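Rule-based calculations on the coordinates, nothing more; no lab input. Nothing here was measured: the structure is a model prediction, and the numbers come from that model. Please note: Cβ atoms are built from the backbone with ideal geometry, for glycine as well, and neighbour counts cover all protein chains shown.
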Amino acid sequence: MKSLGYGTGQDEETTAPGAGETEGARRASGVSPAARPVGVAGLRPVDPEVRPKAERRKFSPSYKLQILQQAEICQEPGELGRLLRREGLYASHLSKWRQLYKKGGLEGLGAPRGRKPDAETATRQRLRELEQENQRLRGKLRQAEAIIEVQKKVSEILGIQLAPNDDRDARI
């Protein structure tokens, strides 16, 4: 088979991979199916390399305060940039930490990230829990009343006289 040698400007005589196979068995890439490595069930082999998952860095409130103090000391041009590069931080870290420090001091620097809990959502959750407990207790009450009715009928059948429980009613 004759092919063009790209980049050399010359024609070269080469043999195509999979030569000797029927024309239909070759792929457009020129590589025959028999020449490719095949894994289990005809799939490509899996890459064994395990890539580490990036983890969000977490800074302690004391570290944040220490960096803020060092940033306040920086007076010369480029000094603050050196501090940030040395610590692997961004200017946005400093601005956010300054905001948190102004709002709540050292406690503000330790505030958890994310959405603040909504008081109304907490109230709805509490209401839902109370309604579920109410339903559960109503079910128990129905069951207890059914048991009492059965006991009354059994006592009537057996001829056992039940004493009135005025004591219990008075305690309730």
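A few remarks follow.
- Normalised by residue number, the volume inside the convex hull of the Cα atoms of the range 61-109 is 62 Å³ per residue.
- Sparse-neighbour loop sites [trypsin sites (Lys or Arg not before Pro); the range 91-123; at most 15 other C-beta within 10 Å; DSSP]: 113, 115
- Exposure proxy for 47, 118: other Cβ atoms within 10 Å of each Cβ, ordered fewest to most, give 47, 118.
- Relative to the current alpha-carbon distance between residue 127 and residue 60, full extension at 0.36 nm per residue lengthens the span by 20.5 nm.
- Within straight-line cross-link reach of residue 102, lysines at Cα separation under 29 Å, skipping those fewer than 8 residues along the same chain: 58, 64, 116
- The range 112-141 versus the range 54-84: alpha-carbon centroid distance in Å: 42
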